[in-house]
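The values are calculated or read from the model by the stated rules, or taken from the named source; none is laboratory data. Source: prediction; values computed, not measured. Cβ placement follows ideal geometry from the backbone for every residue including glycine, while neighbour counts extend to all protein chains displayed. Side chains are part of the model used for accessible areas, which takes the heavy atoms of the whole protein and leaves out ligands, DNA and RNA. Shrake-Rupley method; radii C 1.70, N 1.55, O 1.52, S 1.80 Å.
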Amino acid sequence: MILLDGKQTSKEIREEIAIEVKSLKEKGGKTPHLAVILVGNNGASVTYVNAKIKDCEEVGFNTTFLKLSETISEKELLQEVEKLNTNPDIDGYIVQLPLPKHINDQKVIMAIDPEKDVDGFHPQNLGKMALNLPTFLPATPMGMMDLLDRYNIETGGKHCVVVGRSHIVGLPASILMGRNHYPGNATVTLAHSRTINLEEILRDADIIIAAVGKPDFITADMVKEGVVILDVGTTRVVDKTKKSGYRLKGDVEFAGVSKKASCITPVPGGVGPMTRVSLLKNTLRSARVKL
Ligand code: NAP
């Protein structure tokens with residue numbers, strides 16, 4: 001069994017990015033610049049945003065952090081978005097989700113300049129992805145494709161079952177796995193809560209992408225020998241032995257499934273770090289386009 005080590009792989013990619021940024025700066029080029037908008041004080045969002053900013057600083061990017069009040073109106077937030085759209089120094093930016101209930105997420109995403117949408121959530125970028133045109137890919141599916149690529153995992157002609165159809169993970173992952181491209185060229189089944197006979201479908205899968213958000217949802221009896229597993233799930237479960245009081249659990253019951261799998265991502269340390277590095281790749285890509 002090969003452990004698909006997202007922590008190590010993302011470290012290698014970050015080092016490659018840092019070298020490119022250093023060389024850009026030496027040649028007098030532009031320093032990539034990511035801005036992050038955070039509305040309110042949601043604990044998980046604050047942690048994610050701090051990690052993203054730290055990642056940027058480590059590879060030599062400039063960052064701008066806009067921490068906005070929980071009570072900001074939708075109109076005021078859209079004005080902040082417009083300022084970033086028109087600021088020529090900002091190569092890309094993200095609006096950390098979820099937003100407070102009085103703000104329409106979709107309206108805000110639609111207002112982001114697609115050329116600066118380094119989260120790859122704008123419909124224009126999702127459309128380009130579906131058409132196999134160059135664009136910003138959503139971070140989590142992109143990270144998974146990089147992991148498959150770095151480990152040279154064959155995907156062509158394989159049956160890939162994606163469980164979960166969210167707009168940020170499952171749906172784009174299913175599109176990427178079905179593209180006429182490596183990694184891709186798989187025969188894809190996109191499963192969700194209305195799928196009938198999921199266990200039977202999973203037992204036929206060569207590759208499983210689990211993006212459900214239910215700990216230990218997929219167990220050893222549901223997979224075949226040699227399966228490749230990408231476990232996206234990260235659910236916080238209480239763990240009094242940890243300083244934080246919790247630990248992260250994936251959607252796949254690791255102890256049992258890893259005995260049958262040929263390759264599997266751990267949680268944590270699998271898909272999560274690859275997601276973080278994808279944002280850096282997209283920001284660098286945006287800065288490069290402007291050279
Ligand atoms: P989400 O929006 O809640 O979507 C969950 C999906 O699972 C839905 O499509 C849902 O189906 C499906 N589902 C629920 N119960 C099911 C069942 N019994 N059988 C089959 N499908 C079922 O979640 P998400 O945002 O995609 O996130 C999924 C997990 O990944 C979460 O644990 C999240 O924390 C984690 N995550 C991790 C990363 C990372 O970088 N590691 C990034 C993003 C998300 P319906 O559409 O029919 O409701």
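Return the subset of K11/K83; K52/K249; K107/K240; K54/K240; K11/K214; K83/K249 for which the Cα-Cα distance in this structure is over 31 Å, preserving the input order. Beyond 31 Å: K11/K83; K107/K240; K83/K249.
What dipole magnitude, in Debye to the nearest 20, does the chain give about its Cα centre under +1 on Lys/Arg Cβ and -1 on Asp/Glu Cβ? Show your work: numbers first, answer last.
Details: 37 positive and 35 negative charges, 77 e Å.
That gives a dipole near 360 debye.
In sequence order, region 185-190 has phi-based couplings of 6, 8, 8, 9, 10, 9 Hz under the Karplus curve 6.51 cos²θ - 1.76 cosθ + 1.60, θ = phi - 60°, and Gly or Pro positions carry x. For region 139-271, the Cβ-based charge dipole about the Cα centre amounts to some 520 debye (Lys, Arg positive; Asp, Glu negative; other atoms uncharged). Just to be sure I understand: with springs between alpha-carbon atoms less than 10 Å apart, which residue in M222, M274, M145 has the highest mean-square fluctuation in the Gaussian network model of the chain? Of M222, M274, M145, the Gaussian network model singles out M222 as fluctuating most. Farthest towards the positive end of the charge dipole of region 105-241, among the residues F121, G156, I208, is the Cα of F121, using unit charges on the Cβ of Lys, Arg, Asp and Glu.
Per the 1.4 Å probe, what fraction of the accessible area of region 36-117, in percent, lies on carbon and sulfur atoms?
On the way: 2160 of 4060 Å².
Of all accessible area on region 36-117, carbon and sulfur atoms account for 53 percent.
In the chain, Cα pairs under 8 Å separated by at least six residues give a relative contact order of 21 percent.
Ignoring everything except DSSP H segments at least 4 long, calculate the 222 nm mean residue ellipticity for the chain; use -39,500 (n - 2.57) per segment, divide by total residues, nearest 500.
One gets -12500 deg cm²/dmol as the mean residue ellipticity at 222 nm.
Full extension of the chain segment joining E26 with K259 gains 79.0 nm, where the gain is 0.36 nm per residue of separation less the Cα-Cα distance. A 1.4 Å probe, protein heavy atoms only, puts the accessible area of H159 near 30 Å². For region 161-239, GluC sites (Glu not before Pro) are listed when DSSP marks them as loop and at most 10 other Cβ atoms sit within 10 Å of their Cβ; the list is E225. Among I72, I201, I264, the largest mean-square fluctuation in a Gaussian network model of the chain (Cα springs under 10 Å) belongs to I72.
Remark: region 29-113 carries a charge dipole of roughly 140 debye about the Cα centre, counting +1 on each Lys and Arg Cβ and -1 on each Asp and Glu Cβ.
Out of A173, G184, G143, whose Cα points farthest toward the positive end of the dipole of the chain (charges: +1 Lys, Arg; -1 Asp, Glu; placed on Cβ)? It is G143, whose Cα lies furthest towards the positive end. Taking amide hydrogens as modeled 1.01 Å from N in the peptide plane, which residues meet the under 5 Å criterion relative to V39, leaving out close sequence neighbours? Excluding prolines and chain starts, which carry no amide H, the hits are L68, Q96.
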